[in-house]
Amino acid sequence: HLQEQLALQRRSVQELLRGRGVGGALSEGRGGGGAGGARPERPPPPEGSIGTATLPEVVRDLWRARASGVLVLERGEETKRIVFQKGDIVFAATNVEKERLGERLVREGKIKRSVLELALRVMERPSERLGTTMVEWGWVSSPEMGRAVATQIKDIIYSVFAWNSGRYRFEPEEKPVP
């Protein structure tokens, strides 16, 4: 059941990104186009300063290089993570409370705060995903959770594109899916 939900989330994220915003810009570069159709031989520098390199460029280069791993973005107390698998964005996370999945679901009226608090208490392991718990307990349907996660990922990605300061680092991992 968990594998099915992860697959749905990946498909939803790719559908949201493909042909719009990030995906539209990226689709010009993969498999041709751009400067003579050449793809970079390697991903962008493993770490750097935001401002020196723009985040859309870093994301594009990771996509073109079909990199797998986690792009960690930090600005002050804010940390966001964008997970790539073979160049595709498959997940994103944030430490900003109001941007987290549970808060989003409460704000959008999908669940009540009491349900979020209960879900956080019944999660069996700290590594367990909130979305998985909510679907397994029947508080949110699997398709609805897939859409919510995909929208959250898109919003996290777009929010960091507006940053003009901070740091980034790419941590390569063969199988980075959380």
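The values are calculated or read from the model by the stated rules, or taken from the named source; none is laboratory data. Keep in mind the model is a prediction, meaning the values are calculated, not measured. A quick note on method: Cβ atoms are made from the backbone with ideal geometry, for glycine too, and the neighbour counts reach across all protein chains shown. Side chains are part of the model used for accessible areas, which takes the heavy atoms of the whole protein and leaves out ligands, DNA and RNA. Shrake-Rupley method; radii C 1.70, N 1.55, O 1.52, S 1.80 Å.
Using a probe of 1.4 angstrom and keeping all protein chains present, the accessible surface of the range 59-117 works out to 47 square angstrom per residue.
For the range 153-178, backbone nitrogen atoms closer than 11 Å to the point 7 Å from GLU78 Cα along Cα-to-C-beta are found at 156-167.
Here GLU108 and ASN164 are evaluated by their C-beta separation; at R0 = 30 Å the FRET efficiency comes out at 0.55.
In this simple spin-label approximation, TRP137 and GLU174 carry label points 7 Å from Cα along the Cα→Cβ vector, and these lie 3.6 nm apart. Measuring against 27 Å, Cα to Cα, the residue pairs LYS112/LYS154; LYS110/LYS154; LYS86/LYS110; LYS80/LYS110 contain LYS86/LYS110 as the ones spanning a longer distance.
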